[in-house]
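The values are calculated or read from the model by the stated rules, or taken from the named source; none is laboratory data. Values in this document were obtained by computation on a predicted structure and should not be read as measured data. Here the Cβ positions follow ideal geometry from the backbone for every residue, glycine too, while neighbour counts run over all protein chains shown. Ligands, DNA and RNA are excluded from the accessible area calculation, which covers all protein heavy atoms including side chains. Shrake-Rupley method; radii C 1.70, N 1.55, O 1.52, S 1.80 Å.
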Amino acid sequence: MNVQRLSVTMEPAGLPLDLVQILFSRIAERAPVTHSPPQDADLRLELTMDPTLDSESFRIEDAGHRGLRITGDSLPGLLAGMGHFLRLSSFSETGLIPASWRGISRARKPVRGVYFATHFFNYYHAAPEPEIQFYLEDLALWGFNTLMVWFDRHHFKGLSDPAAQAMLSRLHGLLGAARRLGMQVGLCVLGNEAYADSPTELRA
């Protein structure tokens, strides 16, 4: 089946992010597929939840004629199922050939995390925030469920330093984006670190 017109419905509708937008943003990079009404679609894709599935697992199954259903036990499970579907599908200048895989996939480990070293002006420290959030979506589609970030105090002269406040705002945005994806989040610091204006007599 070559799909050029794809219908996507989501149940429940009140999820904290637009899964349809996430799905089509990835498809649009690879194939000319448009979002169509169900009656006009080459494929009708349903995104659903079923809490009776194992923790953070997903199921992909047929759903009637030209229908496919991806079900997660939770938001992370559903995102992982969407990613599985995308990675196993084929894309070309003529459209999308949906993945033929059907079944249930269960997460093997409860924590599947990534650490963003948000200091020393590296990529995570300096890249545009929307770009990092797009990357976070990709990680969720791969099944990651935990994000850890860093607040490196030595960059700043106290918490009221405007640069420190800007970094806190950035970290707040990244952690908020991760939580909207259903991820667990964490902030790490060091016990032997201090601000740039710390008293010299306290330094080793």
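Quick notes on this one:
- Distance between region 6-35 and region 184-204 - C-alpha centres, whole angstrom: 43 Å
- Dipole of the chain [Lys/Arg +1, Asp/Glu -1 at C-beta], most positive-end residue of 88, 49, 167: 88
- For region 109-204, the set of GluC sites (Glu not before Pro) satisfying both a DSSP loop assignment and a count of at most 11 other C-beta atoms within 10 Å is given as 193.
- Sorted largest first, the spans of the alpha carbon positions of region 61-131 along the three principal axes are 53, 36, 16 Å.
- Build a GNM of the chain with springs between Cα atoms under 10 Å apart, and of 30, 108, 69 the one that fluctuates most is 108.
- In region 80-130, the chymotrypsin sites (Phe, Trp or Tyr not before Pro) that fall in loop regions by DSSP, at most 15 other Cβ within 10 Å: 101, 120, 121
- Rolling a 1.4 Å probe over the heavy atoms of the protein chains gives the chain an accessible area of 53 Å² per residue.
- Globularity index of region 11-84, i.e. its alpha-carbon radius of gyration over 2.2 N^0.38 Å: 1.11
- Counting all C-alpha pairs of the chain, share separated by more than 21 Å (%): 59 percent
- Helix axis angle, 162-180 relative to the chain longest principal axis, alpha carbon, degrees: 30 degrees
- Accessible-area value, residue 44, 1.4 Å probe, nucleic acids and ligands omitted, Å²: 80 Å²
- Loop-resident GluC sites (Glu not before Pro) (DSSP state other than H, G, I, E or B) in region 1-77 with no more than 10 further Cβ atoms inside 10 Å of their Cβ: 29.
- Take the Cα radius of gyration of region 104-196 and divide it by 2.2 N^0.38 Å, N being the number of residues; the result is 1.17.
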